Each structure stands twice: as C-alpha cells, then as structure tokens.
Amino acid sequence: MERNYRLTDETIIFNNRTLYRIEATKDFADIKKGDKGGFIEKYENLCDNAWVYDNAKVYEDARVCENARVYGNARVYEYAEVYGGASVLGYAQVFGRARVCENARVFENAKVFERARVYGHARVYEYAKVYGDAKVFGHARVYEYAKVYGDAKVYGHARVCENAQVFGHARVFENARVYGKARVCENAEVFGEARVFENARVFGEAKVYGNAIVYGSAIVYENAIVYENAIVYGEARVFGDAEVFGYAEIFGEAIVFGDAIIHSTNDYCTFSNFGSMNRTTTFFKSKEGILVACGCFKGTIEEFKEKVKETHKGNKHEREYLKMIELAEIKFE
C-alpha cells in the first residue's frame with residue numbers, strides 16, 4: 001500500500017517503546033513533501049491522508065486514518081482510533097478502545113478512553129473526561145472538569161461543564177446545561193432549555209425539560225418530572241410520580257411526592273420548625289387530594305391527622321399539627 005510518509009531515523013523512547021518521527025513523501029492536503037511530523041511506533045498507526053504533527057504520539061495498536069489530525073503533545077494509544085475529519089490537540093489523550101471521528105475535537109488536557117465515542121461536531125476539552133461506553137455527539141460540549149461516563153449520552157447542543165457528572169444511562173440533550181457539581185445519572189433525562197447546577201441531583205427515571213431549572217442541593221428522582229418554567233431549589237425533594245410545571249417554585253426543605261400536581265407555588269405550602277423535631281412539614285395538591293410529607297411520614301392528610309393524634313395525643317405538638325392541617329385544608333379547599 002502506497003503511503004504518504006516514511007519513518008525517519010529520529011527516534012524517541014516513550015513508555016518503553018521506540019517511536020519514529022514521520023516525514024511526508026509527497027504533497028497531500030496541507031502537508032508538503034519533506035514536512036516532518038510527530039511520532040508513531042509503526043506504519044499501522046497512520047494511514048490514508050491522516051497526519052500527526054509536532055510532538056504528538058500515536059503508538060501501540062492505535063490508528064489514525066482518513067483525514068484525522070493529531071497535534072501538539074496529544075497522544076493516541078492502546079487500541080484507540082481517530083478518523084474521519086477528527087482532531088486531537090494540545091495534551092489530550094485518546095486511549096483504550098475509544099473512538100473519535102467525523103468532525104469531533106478533543107483538546108487541551110481532555111481524555112477520552114475505555115469504549116467511549118466522541119463524534120459529529122462534538123468538543124471535549126480542558127480537563128474533561130469521557131469514558132466507559134459514553135457517547136458525546138452532535139454539537140455537544142463537555143469541558144472544564146466535567147465527566148461523562150457509564151452508558152451516558154450527551155448530544156444536540158447540550159453542555160456539561162465545571163465539575164458536573166453525567167453517568168449511568170442518563171441523557172442530556174437539545175440545549176440543556178448541566179454544571180457546577182450537579183449529577184445526572186441512572187435513567188434520568190435533562191433536555192430542552194433545562195438547567196441543572198450547583199449540587200443538584202437528577203436520577204432514577206426523572207425528567208427535567210422545557211425551561212425548568214433545578215439547583216442548590218435539590219433532588220429530583222424516581223419518575224418525577226419538572227418542566228415548563230418550574231424551578232426546584234434549596235433542599236427540596238421531588239420524587240414518585242410528581243409533576244412540577246408552569247411557573248411553580250419548590251424550595252427550602254419542601255418535599256413533594258406521589259402523584260403531586262404542582263402547577264404554581266400556590267399548590268403547596270410548608271410549615272417549618274414545628275413539632276418535636278422542629279422539622280418542615282409540606283402539604284400539597286395531588287390527584288388523590290392533599291398529601292403530606294413530615295419526617296418519615298408520607299401520606300394523605302387524613303392519614304396524617306390520625307398519625308398526629310396517635311403520636312402526640314394531648315400534648316402541644318398535637319395542637320400545632322392539627323392547626324397546620326386546618327390551615328392546609330382551608331388553603332386547598
């Protein structure tokens with residue numbers, strides 16, 4: 001097979017392997033005959049119109065082919081493949097059985113490894129890592145110290161950055177943003193124009209989409225969905241089959257669960273620093289009436305009333321809780 005280059009006598013020892021600087025043997029693409037390139041271990045590492053520049057290194061059983069480019073001090077090794085019009089630059093590393101292809105770019109100090117795939121017009125850069133069986137594609141960006149791993153997918157025009165992590169079978173797509181120290185995992189999905197950031201968590205089968213925002217230390221999980229212009233923040237918890245939408249805001253230490261239907265902030269209320277533990281009690285609307293969350297108790301308002309009478313019979317806390325119940329019933333009548 002005719003090649004566009006030869007191995008020169010200039011060698012380096014890297015990771016106990018001898019690598020050879022390459023030299024072009026004819027003009028092709030932006031390369032001129034006689035141009036010196038980077039280092040490869042053997043001819044099988046580089047083929048077609050691909051090129052390795054500067055002090056970049058391709059070795060072991062890695063392959064760079066088609067019109068791919070490896071620049072700077074980047075490394076491609078083990079069984080990795082870079083092809084199509086893809087580029088690996090800076091101090092980036094692609095290794096394991098990872099694939100970087102089409103028009104994707106991996107640069108600066110980013111790493112793509114194990115069986116990960118980066119393709120389309122995706123970009124992975126700064127100190128980001130994509131690994132496991134994760135896929136980043138479309139026009140997605142993963143950068144700063146973000147991690148995408150497991151079987152997660154980030155695509156469309158989505159962004160995952162700062163110290164955020166997307167993993168498990170999670171999906172982040174369309175124009176969604178996940179950042180700060182947020183975590184999106186298991187089978188959760190974040191999409192549309194949604195934002196998940198700070199220390200927020202979205203997991204289980206939960207979905208956050210539309211223009212929804214989840215931040216602070218809020219958690220959305222199980223089969224809950226947060227959408228339209230809803231906001232969940234603070235220490236709030238939304239789970240079960242709950243729906244939070246419209247312009248609703250769930251915040252503080254509020255807990256919303258079951259088949260809750262929260263269309264606006266008027267669909268729930270909280271009482272804080274009451275009871276024997278000074279905890280927060282949440283009352284909210286659901287498909288089956290008014291539900292209550294208070295410590296370990298989660299159930300209907302009628303069940304809560306009976307539990308209060310059983311636990312706090314005759315004391316001050318009974319009177320406090322019964323008054324809360326009365327006010328909640330008036331609010332939601």
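What follows is calculated from the coordinates using simple rules that are stated; it is not laboratory data. Note that the coordinates shown come from a computational prediction; the quantities given were computed from them, not determined experimentally. Glycine gets a Cβ as well: all are built from the backbone with ideal geometry, and neighbour counts include every protein chain shown.
From the alpha carbon centroid of the stretch 245-273 to that of the stretch 1-38 is 64 Å. For the stretch 140-172 and the stretch 188-237, what is the centre-to-centre distance using only Cα atoms, to the nearest Å? The stretch 140-172 and the stretch 188-237 have Cα centres spaced 15 Å from each other.
Other residues whose C-beta falls under 11 angstrom from the C-beta of Ala24 contribute a net charge of +2, scoring Lys and Arg +1 and Asp and Glu -1. Taking Leu89, Leu322, Leu46 as the candidate residues, the one with maximal mean-square fluctuation in a Gaussian network model of the chain, Cα springs under 10 Å, is Leu322. Mind running the shape call on the stretch 224-270? Use the C-alpha gyration tensor, a ≥ b ≥ c as the square roots of the eigenvalues: rounded below 1.5 for a/c, prolate if a/b tops b/c, oblate otherwise. The shape class here is rounded. Seen against the Cα atoms of the chain and their longest principal axis, helix 301-311 is set at about 70 degrees. Can you compute the label reach from Asp151? Point 7 Å from Cα along the Cβ direction, backbone N cut-off under 16 Å, restricted to the stretch 112-136. Answer for this model: 115-117, 131-136. Quick one: grab the alpha carbon gyration tensor of the stretch 181-319, order the square roots of its eigenvalues as a ≥ b ≥ c, and give me rounded if a/c is under 1.5, else prolate or oblate depending on whether a/b is larger than b/c. Cα axes put the stretch 181-319 in the prolate bin.
Can you work out the FRET efficiency for the pair Phe251 and Glu2, with r the C-beta to C-beta distance and R0 = 51 Å, to the nearest 0.05? Could the numbers behind the result be given before it?
Working: r = 67 Å, r/R0 = 1.31.
It comes to 0.15.
Of the options (1) 51, 19, 15; (2) 128, 32, 17; (3) 58, 16, 13, only one is semi-axes √(5λ) of the Cα gyration tensor in Å as computed from these coordinates, and that is (3). Annotation for the stretch 237-333: trypsin sites (Lys or Arg not before Pro) lying in DSSP loop with at most 11 further Cβ atoms inside 10 Å of their Cβ are Lys287, Lys313.
The helix-only estimate of mean residue ellipticity at 222 nm for the chain, built from DSSP H runs of length n ≥ 4 each weighted as -39500 (n - 2.57), is -2500 deg cm²/dmol after division by the residue total.
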